[in-house]
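Worksheet for the structure shown next.
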Amino acid sequence: MFTENKELFKIVLVGGIILATLIFYFVFSITRRQQEVMKWKQAQLAAEITTLENERKRIAGDLHDELGPILSAVKLQVNHLEPDDETERVVLEKSSRQIDEVIKRFREISYDLLPNTLVRKGLVKATEEFIEKMNGLHQLHIDFKSEKIQLESGREVNIYRILQEVIHNTIKHARATLLTIEFEVKHNKLYIRTKDDGIGFNYEALKVSDGGLGLLSLQSRVEVLNGKMSVKTAQGLGTTYLIEIPV
């Protein structure tokens, strides 16, 4: 009887080991597959964002280098025309003002696509310039603090887009009067903290709705930078973003 129980115990033990091994194998395979899918999605997302930024850069270059000079030449020719009467003079002055407006708008579009300051002077200067522009256009006041930061240009573009998205979301939805933004580099990571005094929102509900496209864009760019993002918000309590990006 003892021998039979011993044999039965061995069979159960071996069966348990085999079962545990199979479970471990399947869990390991599923986990590895999930990681491969996540890496593939991240690579695909990075390629899409890179393509988008390259197209923005190309269009900005075309506007600045080709259409801009052409419009300036047209304006110069218009200004050199000699009107024969008062009616022609009024028409020429009106045409000159309209050309000025078109040139101004082209410059604004080119800047929005890719600010020259970001290319020439880096992330911090471009952010300061953008915030100065926003402070003059909206009731929201933005306070920006940063230490000196220098990153690879592609990473700076993505971080700049992240900040633009946060600022535009705050202006559009938060009903805030103050937004603070802070850059800090610590332990080989860039920490971006933003906080507004707005009305806040239901973060979990917005993530799964069509209204969460801005949040999806933020999260996508943070993921491309191998970073992490957390959002702290509630109705009536404002919104705080904490973004952590390896540098």
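The values are calculated or read from the model by the stated rules, or taken from the named source; none is laboratory data. These numbers were taken from a predicted model, which means no experiment stands behind them. With ideal geometry, Cβ positions are generated from the backbone for all residues, glycine too; neighbour counts draw on all protein chains shown. Ligands, DNA and RNA are stripped out before the accessible areas are found, and what is left, the full protein with its side chains, is counted by its heavy atoms. Shrake-Rupley method; radii C 1.70, N 1.55, O 1.52, S 1.80 Å.
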query: Could we say that ASP143 is within 22 Å of LYS121 (Cα to Cα) and open to solvent by less than 80 Å² (accessible area, probe 1.4 Å) here?
result: yes
- request: Any chance you could count how many residues in segment 172-200 are assigned to a helix (DSSP H, G or I) and either modelled with pLDDT of 90 or more or open to solvent by 60 Å² or more (accessible area, probe 1.4 Å) (or both)?
  value: 2
- prompt: From the set of residues in segment 221-232 that are surrounded by fewer than 19 Cβ atoms within 10 Å (Cβ to Cβ) and of a type outside the set (Lys, Arg), which is farthest from ALA174 (Cα to Cα)?
  reply: ASN226
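Quick one: which residue in GLU93, GLU53, GLU86, GLU7 is at pLDDT 65 or above and open to solvent by 100 Å² or more (accessible area, probe 1.4 Å)? Step through it out loud before you land on a result.
Numbers: GLU93 fails: open to solvent by 100 Å² or more (accessible area, probe 1.4 Å); GLU53 fails: open to solvent by 100 Å² or more (accessible area, probe 1.4 Å); GLU7 fails: open to solvent by 100 Å² or more (accessible area, probe 1.4 Å).
None of the other options fit; the residue is GLU86.
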message: Of all residues being in contact (Cβ under 8 Å) with a residue 24 or more places away in the chain and among the basic types (Lys, Arg) in segment 173-191, which is nearest to LEU242 (Cα to Cα)? Just the residue, please.
response: LYS189
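Take VAL124 and decide whether it is open to solvent by less than 80 Å² (accessible area, probe 1.4 Å), in contact with a helix residue (DSSP H, G or I) (Cβ under 7 Å, 6 or more places away or on another chain) and of a type outside the set (S, T, N, Q).
On the way: open to solvent by less than 80 Å² (accessible area, probe 1.4 Å): yes; in contact with a helix residue (DSSP H, G or I) (Cβ under 7 Å, 6 or more places away or on another chain): no; of a type outside the set (S, T, N, Q): yes.
So VAL124 does not fit the description; no.
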- prompt: Which residues, counting only those in segment 127-140, are surrounded by fewer than 19 Cβ atoms within 10 Å (Cβ to Cβ) and in contact (Cβ under 8 Å) with a residue 40 or more places away in the chain?
  reply: ILE131
field: Subset of segment 228-247 [more than 13 Å from GLU182 (Cα to Cα) and part of a strand (DSSP E or B)]
entry: LYS228, MET229, SER230, VAL231, LYS232, THR233, THR239, ILE245, PRO246
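Could you list, in sequence order, the residues of segment 73-83 that are closer than 23 Å to ARG107 by Cα and either over 46 Å from the mean Cα position of the chain (by Cα) or surrounded by fewer than 12 Cβ atoms within 10 Å (Cβ to Cβ) (or both)?
Residues of segment 73-83 closer than 23 Å to ARG107 by Cα: 73-79.
Result: ALA73, LEU76, GLN77.
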Residue in segment 146-161 that is surrounded by 14 or more Cβ atoms within 10 Å (Cβ to Cβ) and over 17 Å from the mean Cα position of the chain (by Cα) present: yes
message: Taking the conditions exactly as written (part of a helix (DSSP H, G or I) and either closer than 30 Å to ARG56 by Cβ or not basic (Lys, Arg) (or both)), does LEU81 satisfy them or not?
response: no
- request: Sort out which residues of segment 96-121 are touching a Ser or Thr at 6+ places or on another chain (Cβ under 9 Å) and either open to solvent by 70 Å² or more (accessible area, probe 1.4 Å) or over 18 Å from GLY61 (Cβ atoms) (or both), and write them in order of number.
  value: ILE99, ASN116, VAL119
